[in-house]
């Protein structure tokens, strides 16, 4: 064997070893996700929006509720850092958009966590136990599907008044059903796998099988559907706020700002332009990240 | 088929009952009664009022009274609009909502199906991209952003239409709301139609039809379109539900005197009975629409046997 050949063999061996050094599902998914340019750009933009909402109001010189008497209803300008202009009460629109974003994103996050957890528990329980329990639990899901959620949300706000936690609760109640359905379907297929049989054979209690053996295997599909839930939940919050059923003044959210902007649109179009753009950019990015994750995690697409 | 239809019809009853019961109970959880106002009413008057509205009875009896009234089509009295019953208010508002919603639904089905067919037959053509774009835009720009933009452009800048309001079914006032509602639904229907037609066009029986030498037109119109329409029909149920949400937003944006506007105003005024009555009414409407779609699906798809 010549020296050159030996070197070649070595190169080949290392590359083979590198390949053998296996990749987990998640590492695989991460690599594929970062190959998707639209998803990565969306992730960066969404992170920037979130960071701006979190820290922007601390850095900027204005407060979201104070009136600037020297600048009421002015357009976007560099003067005095009113980059998005001010509303008719002289409140800085940039800061209000960021504060509104905080509320919208936090409500979105909380309602997503709540609805995803309920969906997982509901779906996994129904799917795993099966039989009568399953059909009753799924009937409840069907029932909620048939009800226009906005009406019940309106009724709840009418009765219990407007506040932050109620909005989160209302949105959560009506956004967990997709997750429950998907999780149930997946659970049905996991249920018949050998490792579940093994767990049963050694006498693991049902609830521990569900949470320790079934749920971790659902994570892929849960992540995918969570990314579908996030924009939906943010949208729902904005609709409620837009209809005047969300958080109360002087607190604000993107829906409230868009509603305010609608009323004075003819004279000061930037008041609807900026909050509307912020909401749309967020929804757009969330959708693209969701698409990216789906492509990255869907095993059918290998 | 008939046993399926019967079971499907019966299955709507618990849904409707649960909604009515939960809403009714929620209403009665609220502290205070309807006649607790700043202006004190004398005890005798109060007793008479309570007797008139059966408020002096135990809750379960009141509930049965309410159900009985509902069965007779009586939604009760409005809290805030003193001289109006909920029925009167609904009778004025429902035609507005139904005309806007119905017209836009018909237009969206026609345009959506047509766009879907063209997009499926000419993949990667301009129409195809347009359908995709509609879907993208629709998912990122909610109706309450697009609506005001429509007003800004067509009512304020070019002044073709009024910015909102209503005048006895005058088309001038109906066009922008219908455009907004249609826009939302067309993208969904178009995408579903495109996907399902592409799938059908790849099946064996279509290949056979092609092999026989049938012109594309005949293949699509005679053979492909019927199976391809099934997923469109099945999506109409959820679409009807989301259209109700969209209609509430649309009526608010264009200040149309429809059911949506009534319910939002009612919520703002905390007009309990009005909101409850409207919620019950619209939920029943939604459940019935869903039922019709499911039955239509069962009739149209001979493969499905329940």
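The values are calculated or read from the model by the stated rules, or taken from the named source; none is laboratory data. Note that this is a predicted model, so its numbers are computed, not measured. FYI the Cβ positions are ideal-geometry reconstructions off the backbone, even for glycines, and counts take in every protein chain you see.
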| request: Pick out the one residue from A:183, A:118 that is away from chain B (no Cβ under 14 Å), surrounded by fewer than 23 Cβ atoms within 10 Å (Cβ to Cβ) and in contact (Cβ under 8 Å) with a residue 12 or more places away in the chain. | output: A:118
| request: Look at residue B:235 and say whether it is within 14 Å of chain A (Cβ to nearest Cβ) and touching a helix residue (DSSP H, G or I) at 6+ places or on another chain (Cβ under 8 Å). | output: yes
| Filtered residues of region B:209-225 (kept if within 27 Å of residue B:183 (Cα to Cα) and without any contact (Cβ under 8 Å) to a residue 40 or more places away in the chain) | B:221, B:224
| task | Within region A:226-251, track down each residue that is more than 11 Å from chain B (Cβ to nearest Cβ), part of a loop (DSSP other than H, G, I, E, B) and either within 27 Å of residue A:290 (Cβ to Cβ) or in contact with a strand residue (DSSP E or B) (Cβ under 9 Å, 6 or more places away or on another chain) (or both). | result | A:246, A:247
| said: Restricting to region A:252-277, and then to whatever is more than 20 Å from residue B:264 (Cβ to Cβ), outside any helix (DSSP H, G or I) and touching a residue at least 24 places away in the same chain (Cβ under 8 Å), can you tell me which residue is farthest from the other protein chains (Cβ to nearest Cβ)? | reply: A:268
| task | Can you confirm whether region A:163-173 contains a residue that is modelled with pLDDT under 80 and assigned to a loop (DSSP other than H, G, I, E, B)? | result | yes
| query | Based on what the data block shows, is residue A:84 in contact (Cβ under 8 Å) with a residue 60 or more places away in the chain, outside any helix (DSSP H, G or I), crowded, with 19+ Cβ neighbours inside 10 Å and over 18 Å from the mean Cα position of the chain (by Cα)? | reply | yes
| said: I'd like to check something: does region B:239-258 contain any residue that is away from chain A (no Cβ under 13 Å) and either on the phi > 0 side of the Ramachandran plot or surrounded by 19 or more Cβ atoms within 10 Å (Cβ to Cβ) (or both)? | reply: yes
| said: Anything in region B:277-306 that is at the interface with chain A (Cβ under 7 Å from one of its Cβ atoms), closer than 19 Å to residue B:78 by Cβ and in contact (Cβ under 8 Å) with a residue 40 or more places away in the chain? List them, or say none. | reply: B:279, B:283
| query | From A:59, A:95, A:11, A:16, which residue is at pLDDT 80 or above and either closer than 22 Å to residue A:249 by Cβ or out of contact with any strand residue (DSSP E or B) (no Cβ under 9 Å at 6 or more places or on another chain) (or both)? | reply | A:95
| query | Quick one: how many residues across region A:271-293 are surrounded by fewer than 18 Cβ atoms within 10 Å (Cβ to Cβ) and modelled with pLDDT under 85? | reply | 1
| remark: Among the residues of region A:179-190, the number that are more than 17 Å from residue A:109 (Cβ to Cβ) and touching a helix residue (DSSP H, G or I) at 6+ places or on another chain (Cβ under 6 Å) is 8
| note | Note on region B:132-164: residues within 20 Å of the chain's Cα centre (by Cα) and either modelled with pLDDT under 80 or away from chain A (no Cβ under 14 Å) (or both) are B:135, B:138, B:139
| field | Pairs where the first residue, in region B:145-162, is at negative phi and in contact (Cβ under 8 Å) with a residue 40 or more places away in the chain and the second is exposed (fewer than 12 other Cβ atoms within 10 Å of the Cβ) and part of a helix (DSSP H, G or I), C-beta under 8 Å, 6+ apart | value | none
| query | From the set of residues in region B:261-273 that are more than 9 Å from chain A (Cβ to nearest Cβ) and buried (at least 20 other Cβ atoms within 10 Å of the Cβ), which is farthest from residue B:167 (Cα to Cα)? | reply | B:273
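Residues of region A:34-44 being surrounded by 18 or more Cβ atoms within 10 Å (Cβ to Cβ) and part of a helix (DSSP H, G or I), which ones? Steps first, please.
Just the residues of region A:34-44 that are surrounded by 18 or more Cβ atoms within 10 Å (Cβ to Cβ), to begin with: A:36, A:39, A:42-43.
Once the filter is applied, which keeps residues that are surrounded by 18 or more Cβ atoms within 10 Å (Cβ to Cβ) and part of a helix (DSSP H, G or I), region A:34-44 yields A:39, A:42, A:43.
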| Do we have any residue at all in region A:101-110 that's buried (at least 18 other Cβ atoms within 10 Å of the Cβ) and over 15 Å from residue A:254 (Cα atoms)? | yes
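Considering every residue within region B:162-175, establish whether at least one is crowded, with 17+ Cβ neighbours inside 10 Å and part of a helix (DSSP H, G or I). Please lay out each step first, then the result.
First pass over region B:162-175, keeping only residues crowded, with 17+ Cβ neighbours inside 10 Å: B:162-164, B:166, B:173-174.
Checking the rest, the ones that are also part of a helix (DSSP H, G or I) come to B:173-174.
Yes, region B:162-175 has at least one match.
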| request: Among the numbered conditions (1) within 14 Å of another protein chain (Cβ to nearest Cβ); (2) touching a residue at least 60 places away in the same chain (Cβ under 8 Å), tell me where residue B:128 comes up short. | output: (1)
| message | Checking residue B:114 against (1) more than 14 Å from every other protein chain (Cβ to nearest Cβ); (2) without any contact (Cβ under 8 Å) to a residue 40 or more places away in the chain; (3) closer than 30 Å to residue A:282 by Cα, only one condition comes out false. Which one? | response | (3)
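Could you say which residue among A:155, A:218, A:188 is within 14 Å of chain B (Cβ to nearest Cβ), at negative phi and either surrounded by fewer than 16 Cβ atoms within 10 Å (Cβ to Cβ) or part of a helix (DSSP H, G or I) (or both)?
Values: A:218 fails: within 14 Å of chain B (Cβ to nearest Cβ); A:188 fails: within 14 Å of chain B (Cβ to nearest Cβ).
That would be A:155, the only listed residue that is within 14 Å of chain B (Cβ to nearest Cβ), at negative phi and either surrounded by fewer than 16 Cβ atoms within 10 Å (Cβ to Cβ) or part of a helix (DSSP H, G or I) (or both).
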